[in-house]
Amino acid sequence: MNLDFSQIVPYIPFMLEGIWVTIRFVIVAIILGFILGTLLALCKISSIRLLRAIAGSYTSIFRGTPLILQLMLFHYAVPQLTGYDITPFMSAILAFGLNSAAYVSEIIRAGIQAVDKGQTEAAKALGVPYREMMIDIILPQAMKNILPALMNEFITLTKESALVSTIGYLDLMRRSQVVGSSLFRNFEPLLFVGVIYWLMVTGLSVLGRMVERRLNVSD
């Protein structure tokens, strides 16, 4: 086999820099997706029909179209329509954050609806305002139930972050492609960043299990 990993050694620091570049936009996208997803979930269970329709349409659009298409639209179509030269970083945050929000909203909605209805009825009987009821009573219980599903969504987001290489964002995947083009050898740098992705995902999985055990102990 024509393999020579020694040739990528000088490029390892360059590729390792992609870890923070990748993590930075993934963290921001996760935060955006979680906040917006929570708001969408509350709209979906709202008694106001218009809010339910808006949230449902949003979810249908972002879950029904490919993530790479959404990424391309933000990066290439937005400048065409608005004249604003959007950066790859901002394109990545918007595409991944808004896409994740659609999935997170369904996870949270299911978690809220899985909470015993007696909790809601008891809170209403005691005169607890809706906002305080959701924040202090319903959402904490729902979060404990949906934590594994949320972690799976965040892990999926981390793996799919490699798609941003298609718009020139210097993440891990893009850096491996740059090294491969420089050396005319692609297997070695791709395998190297593949191991890094695996370590990142494994770390997230371990963190999720630790948090889940901590919540179960606190019961």
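The values are calculated or read from the model by the stated rules, or taken from the named source; none is laboratory data. This is a predicted model, so every value here is computed, not measured. All Cβ positions, glycine included, derive from the backbone under ideal geometry; neighbour counts span all protein chains shown.
Structure above, values below:
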| quantity | calculated |
| --- | --- |
| Hits in segment 87-119 - residues which are modelled with pLDDT of 90 or more and not in a helix (DSSP H, G or I) | T87 |
| Test result for S47, out of contact with any helix residue (DSSP H, G or I) (no Cβ under 8 Å at 6 or more places or on another chain) and either acidic (D, E) or not in a helix (DSSP H, G or I) (or both) | yes |
| Filtered residues of segment 50-78 (kept if β-branched (V, I, T) and in a loop (DSSP other than H, G, I, E, B)) | T65 |
| Qualifying residue in segment 61-68 (condition: surrounded by fewer than 20 Cβ atoms within 10 Å (Cβ to Cβ) and touching a residue at least 60 places away in the same chain (Cβ under 8 Å)) | yes |
| Residue that is farthest from the chain's Cα centre (by Cα) [pool: residues in segment 123-177 that are within 19 Å of I112 (Cβ to Cβ) and of a type in the set (D, E)] | E132 |
| M143, sole failed condition from (1) touching a Leu at 6+ places or on another chain (Cβ under 9 Å); (2) within 30 Å of N2 (Cβ to Cβ) | (2) |
| Which listed residue, of M133, M143, is in contact with a Lys or Arg (Cβ under 8 Å, 6 or more places away or on another chain), of a type outside the set (D, E, K, R), surrounded by 11 or more Cβ atoms within 10 Å (Cβ to Cβ) and in a helix (DSSP H, G or I) | M133 |
